[in-house]
Amino acid sequence: MKVSRGIRNCNPLNIRRVAGTHWKGQILPLKGAGGSFCKFESMEWGIRAAFCLLHTYATKYKLTCVKDIITRWAPPTENDTQSYIRHVCLLTGYGGNQRLTEAHWPRLVRAMAKIESGADLDDETINRAWNLFTGLNS
């Protein structure tokens with residue numbers, strides 16, 4: 001069975017590398033190597049990065065509903081964004097225009113990881129990532 005890139009890279013939401021951005025727990029590629037996606041030390045660090053991005057979406061861009069978050073995360077120029085939104089809503093039970101708070105993010109991330117990389121994230125992994133995000137394990 002083939003393992004998806006997101007799972008191999010401990011990056012279940014397929015976060016892209018951005019010049020000048022280095023996430024906690026990110027493994028930097030060898031000089032001249034890499035690819036477009038981040039690679040993390042563990043699944044928890046990859047999920048933590050997703051929580052950080054959701055925080056930026058909410059605070060900087062005021063994106064707080066599934067429709068707006070997914071449209072930025074998976075833009076129509078690269079994805080079937082409407083299908084992505086429908087699937088996230090089905091997997092989470094959230095409405096597309098429902099205002100989400102941080103309390104909704106673990107379920108949202110679980111659904112997005114399923115769509116992005118086929119990852120079935122368990123509660124324990126998500127909770128450890130959440131603790132890294134909130135600083136409880138710093």
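The values are calculated or read from the model by the stated rules, or taken from the named source; none is laboratory data. Predicted, not measured: the structure shown is a model, and the values here were computed from it. No Cβ is skipped: glycine too gets one built from the backbone with ideal geometry, and neighbour counts run over all protein chains shown.
Which of the residues belonging to the range 49-66 are assigned to a loop (DSSP other than H, G, I, E, B) and within 13 Å of residue 105 (Cα to Cα)?
63, 64, listed by residue number.
Of the residues 46, 32, only one is modelled with pLDDT under 95 and either of a type outside the set (Val, Ile, Thr) or in a loop (DSSP other than H, G, I, E, B) (or both); which?
Only one candidate qualifies: 32.
Examine the range 128-136 for a residue that is surrounded by fewer than 20 Cβ atoms within 10 Å (Cβ to Cβ), among the β-branched types (Val, Ile, Thr) and either in a loop (DSSP other than H, G, I, E, B) or in contact (Cβ under 8 Å) with a residue 40 or more places away in the chain (or both), and state whether such a residue exists.
So far as the range 128-136 goes, no, none of its residues is surrounded by fewer than 20 Cβ atoms within 10 Å (Cβ to Cβ), among the β-branched types (Val, Ile, Thr) and either in a loop (DSSP other than H, G, I, E, B) or in contact (Cβ under 8 Å) with a residue 40 or more places away in the chain (or both).
Residue under question is residue 2, and the condition is that it be over 24 Å from residue 128 (Cβ atoms) and either aromatic (Phe, Trp, Tyr) or not in a helix (DSSP H, G or I) (or both); does it hold?
Yes: the conditions hold for residue 2.
In the range 74-84, is there at least one residue being of a type in the set (D, E, K, R) and assigned to a helix (DSSP H, G or I)?
No - not one qualifying residue is present in the range 74-84.
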